[in-house]
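Student: Structure provided below as structure tokens; questions to follow.
Throughout, read-outs are computed from the coordinates displayed, never taken from laboratory work. These figures come from a predicted structure and were not determined experimentally. So basically every Cβ, Gly included, is an ideal-geometry build from the backbone, and we count neighbours across all protein chains shown.
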Amino acid sequence: MRLHLEPGGVTGRFDLSAVSRRELNQALHDASAGESFEVVNPRGAHAVACGITADIDVVVRGSVGYYCAGMHQRGRVLVEGNASTGLAENIMSGEVRITGNATMSAGATGCGGLVVVGGNAGARCGISMKGVDIVVGGDVGHMSAFMAQAGNLVVCGDAAADLGDSIYEAQIFVRGDVESLGADCIEKEMRPAHTETLSRLLAAASPAGDGVDASEFRRYGSARRLYNFTIDDVDAAARQARERSEGERDAREAAR
Amino acid sequence: MCGIVGLFCKTETHRHELGRLTAVMLREMRDRGPDSAGFASYDAGTPDRTRITVLAEGVTVDWGPVAAALEGLLAAEVTVRAVHDHAVFATDGDGRAARQWIIDNVAGATVLSYGAQIELYKAVGDPDLAAERYDLASRTGTHALAHTRMATESAVTTNGSHPFATGADTCLVHNGSLSNHNRLRRFLEGHGESFQTENDSEVAAGYLAWRLRSGDTISDALEGALSDLDGFYTFAIGVADGFAILRDPIACKPAVVAETDDWVAMSSEYRAIARLPGAADAEVWEPEPARIYTWSLAA
């Protein structure tokens, strides 16, 4: 973990058994680029380190509750422990990492940045992801990447049932077994560009992706059968346009 | 929303402080359900001696004559002690018959539980008040369940509070809502179960009671629940010799489990578990959807 927590480099230390979470979050919102913070005794508190907008580093020593690092915009957050529902929900950029397990909806609706779960992630990991990259060192729960729109979900372990149900254009890489694929999700060919993307994400996720090689993964994505319009509709529209232009041409020729 | 907690002591280590630890967990779940709260705890009890916990909500019941009438019915000695608006009867007679007699004959009384090991208390209002009023902290035993309620399917009354228990030493706390409870209630009533509320969760408790009474193991009963109960649920279940967890196949309602050599704890949120002794070193995971988890004292 590349946190800038050099000895003496911590500019703020918050003990959540003594100060309120609101004080912590306000301090993080007021921080300037380059500052580093340490949070101790989180004891499962919700909304720890939410909405960070500056390029800062935060390390949380212990397990957190819901929506940790939610709406994360910039900087790096590391949780040494587990996280509950909605880790890094709607992350825009920057990095959020946890060493342990995440429960439901890790990285949900994320638009950018990197989320790393060292252990396992629960149900609906990456639900409705819109550009975030998520790397999970272990397994993911059922309905992960549900309605995923963009970004990459990398699973170094196994994926539970209904992976990628109703997926749009996100890519899923799974190293282990996939219990079942959801509606409209299919296995796809791993081309060099995909291997390159995957290798880059595994390196970025270190140590979560250490010892794991991109060649061991399979790629999954959308069969594109569930989009709002079907190819038949497109054909029908094109045919109508063609007939219309042909009719106009005939009319022009007749007029000559 | 609702908050649920369960604590199962695998070893003797924390049985003397079962109630205190359960109260600590319950308090952390207060935000999830400020309407009302309740708890059930299991102790060794006395073999073949049934305790029946009864609530009189909004009425004053003179429990002495009720005990005397029960003695006549059961042809066995019946003792009673009042605990605020609850009463705990104890008898060597038939607990199930006693439960039904109280339901049918004591106006304003609701039978909350019966069994050799269980006692169950519930109240409207701040969960901390319920814990204090019925002295949860002083309870000892092997396992306990507790609930904080945010009502959705029925009114905010003490009778709508969890846990629910309709069968011997079988109780349940529920986060979620069931959609087929009315039909299932009628079915179960035709098969010998009796209900005292309009609550969906009571039906789930009645379903398990019916299956267990028919000879099922708790695993069999929960396997049946997966196909017979329609709706959203995370359940924590107590039986005489064990503890179980079940989530519906979609698993929208939260649950987290932690286990050490000494205990298994389950809660809606990790913060309820974080306060337990040894939590930092516990194995923590999210129970999988539609998977039955059981722990038994016999094991």
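Student: Would you please give the residues with an amide H less than 5 Å from that of residue B:57, counting only those at least 5 places away or on a separate chain, with H modeled from the backbone geometry?
Tutor: Here B:110 satisfy the definition.
Student: Also, I was wondering about something else. Measure nothing fancy, just the Cα-based angle from helix B:218-228's long axis to the longest principal axis of chain B, in degrees from 0 to 90, nearest 10.
Tutor: Helix B:218-228 and the main axis of chain B meet at about 80 degrees.
Student: While we're here: Mind checking which of B:91, B:78, B:145 is farthest towards the positive end of chain B's charge dipole, using Cβ charges of +1 (Lys, Arg) and -1 (Asp, Glu) about the Cα centre?
Tutor: Towards the positive end, the residue furthest out is B:145.
Student: Search the structure for amide H atoms under 5 Å from the amide H of residue B:231, placed 1.01 Å from N in the peptide plane, and list their residues when 5 or more places away or on another chain.
Tutor: Distant-sequence amide H within range of residue B:231: B:179.
Student: Okay, moving on. Counting only other chains, what is the mean number of Cβ atoms within 10 angstrom of the Cβ of each residue in peptide B:275-287?
Tutor: Mean shielding count: 3.
Student: Would you look at the GNM of chain A, springs on alpha carbons closer than 10 Å, and say which of A:214, A:83, A:18 moves the most?
Tutor: Maximum fluctuation in the GNM of chain A, among the listed residues, is at A:18.
Student: Rounded to a whole number, what is D in µm²/s for segment B:22-181 from Stokes-Einstein with the Kirkwood radius over alpha-carbon pairs (20 °C, 1.002 mPa s)?
Tutor: Answer, rounded: 135 µm²/s.
Student: Got a sec to turn the phi values of segment A:74-87 into Karplus ³J(HN,Hα) couplings, 6.51 cos²θ - 1.76 cosθ + 1.60 with θ = phi - 60°, whole Hz, x for Gly and Pro?
Tutor: 3J(HN,Hα) across segment A:74-87, in whole Hz: 8, x, 10, 10, 10, 10, 8, x, 9, 9, 8, 3, x, 4.
Student: Let's see if you can work this out: charge +1 on each Lys and Arg Cβ, -1 on each Asp and Glu Cβ, no other charges. What is the dipole magnitude of segment A:4-69 about its Cα centre, in debye to the nearest 20?
Tutor: Rounded to the nearest 20 debye, it is 340 debye.
Student: Let me ask something else. So for A:79, B:78, fewest C-beta neighbours within 10 Å to most, what's the order?
Tutor: B:78, A:79
Student: Now for a different question. To the nearest 20 Debye, how big is the dipole of the protein assembly as shown about its Cα centre, given +1 on the beta carbon of each Lys and Arg and -1 on that of each Asp and Glu?
Tutor: Charge dipole, the protein assembly as shown, about its Cα centre: 920 debye, nearest 20.
Student: Would you work out the relative contact order for chain B, in percent, from Cα pairs under 8 angstrom that are 6 or more residues apart?
Tutor: Relative CO of chain B lands at 24 percent.
Student: A follow-up question, please. Among the lysines, select those whose C-alpha is under 27 Å from the C-alpha of residue B:122, and discard any that sit fewer than 8 residues away in the same chain.
Tutor: B:10, B:253
Student: Using amide H atoms built in the peptide plane, which far-off residues or other-chain residues are under 5 Å from residue A:155 H to H?
Tutor: A:136, A:173, A:174, A:175
Student: Still on this model: In whole angstrom, how far apart do the alpha carbon centroids of segment A:90-108 and segment B:234-299 sit?
Tutor: The distance from the Cα centre of segment A:90-108 to that of segment B:234-299 comes to 23 Å.
Student: Please report how far the C-alpha centroid of segment B:113-150 lies from that of segment B:1-43, rounded to the nearest whole angstrom.
Tutor: 8 Å
Student: Can you work out the Karplus-derived ³J(HN,Hα) for every residue in segment A:10-20? Use 6.51 cos²θ - 1.76 cosθ + 1.60 with θ = phi - 60°, whole Hz, and x for glycine or proline.
Tutor: Couplings: 6, 8, x, 10, 10, 9, 6, 7, 10, 10, 7 Hz.
Student: For residue A:188, go through the lysines and keep the ones whose alpha-carbon is under 30 Å away, minus same-chain ones fewer than eight residues off.
Tutor: A:130
Student: Now for a different question. Report the percentage of all Cα-Cα pairs in the protein assembly as shown whose separation exceeds 38 Å, rounded to a whole percent.
Tutor: Beyond 38 Å sits 39 percent of the P(r) for the protein assembly as shown.
Student: How large is the Kirkwood hydrodynamic radius of segment B:46-116, counting all unique pairs of alpha carbons, in Å?
Tutor: 11.7 Å
Student: Hey, what did segment A:12-228 get for relative contact order, percent, Cα under 8 Å, at least 6 apart?
Tutor: With pairs under 8 Å counted, the relative contact order is 10 percent.
Student: Compute the semi-axes of the equivalent ellipsoid of chain B, taking the square root of 5 times each eigenvalue of the Cα gyration tensor, and list them largest first in whole Å.
Tutor: That gives 27, 21, 19 Å for the three semi-axes.
Student: To continue, here is another question. With N set to the residue count of segment A:12-228, report its C-alpha Rg divided by 2.2 N^0.38 Å to two decimal places.
Tutor: Relative to the 2.2 N^0.38 Å estimate, segment A:12-228 comes out at 0.98.
Student: Quick one: Karplus J couplings for segment B:240-255, per residue in order, coefficients 6.51, -1.76, 1.60, θ = phi - 60°, nearest Hz, x for Gly and Pro?
Tutor: 3, 10, x, 9, 9, 9, 9, 10, 5, x, 8, 6, 7, 7, x, 6
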